[in-house]
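The values are calculated or read from the model by the stated rules, or taken from the named source; none is laboratory data. As the structure is a computational prediction, the values presented were derived from the model and not from experiment. In this analysis, Cβ positions are derived from the backbone assuming ideal geometry, glycine residues included, and neighbour counts consider all displayed protein chains.
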């Protein structure tokens, strides 16, 4: 499904609830699941564009691996908390881009932040390639 620049908001918002499998024995989010939720948000975002993960893989032209991640835990995220993840690009280069995910609790306070760096590479030789113009437009529209 093609996306028109006018249809894209300044950020992508993903809402979810913290489930038991997201947490540790204390009922707090287990650290690696913060990354899983960020990636879930990213996949949902891509599904709403012309670049779903399955389409990218099936076309076999390029891949977009994550090459760096980092996270900051600011407030506890607990079992059954309803959270909102706000996805925004942080930096867009020629073949890579950095995404910023703010995790907000039900009070609208920032509870965590995840950053990921993605590199667009050829599916044939794994060498960096330029971000396709259509994908660039989608990323830049989020950065208004």
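Values for this structure:
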{"quantity": "Filter result for residue 57 (touching a strand residue (DSSP E or B) at 6+ places or on another chain (Cβ under 7 Å) and either at pLDDT 95 or above or more than 20 Å from residue 137 (Cβ to Cβ) (or both))", "calculated": "no"}
{"quantity": "Failed item, numbered, when residue 121 is tested on (1) closer than 20 Å to residue 34 by Cα; (2) buried (at least 18 other Cβ atoms within 10 Å of the Cβ)", "calculated": "(1)"}
{"quantity": "Every residue from the range 52-66 that is touching a residue at least 24 places away in the same chain (Cβ under 8 Å) and either within 16 Å of the chain's Cα centre (by Cα) or in a strand (DSSP E or B) (or both)", "calculated": "62, 63, 64, 65, 66"}
{"quantity": "Breaking point among (1) over 30 Å from residue 19 (Cβ atoms); (2) at pLDDT below 95; (3) surrounded by 14 or more Cβ atoms within 10 Å (Cβ to Cβ), for residue 96", "calculated": "(2)"}
{"quantity": "Yes/no for residue 72 being assigned to a strand (DSSP E or B) and closer than 30 Å to residue 133 by Cβ", "calculated": "no"}
{"quantity": "From the options 138, 85, residue that is assigned to a helix (DSSP H, G or I) and within 14 Å of the chain's Cα centre (by Cα)", "calculated": "138"}
{"quantity": "Criterion violated by residue 125 - all others in (1) assigned to a loop (DSSP other than H, G, I, E, B); (2) closer than 20 Å to residue 10 by Cα satisfied", "calculated": "(2)"}
{"quantity": "Selection count where residues are at pLDDT 95 or above, assigned to a strand (DSSP E or B) and in contact with a helix residue (DSSP H, G or I) (Cβ under 8 Å, 6 or more places away or on another chain), scope the range 10-51", "calculated": "4"}
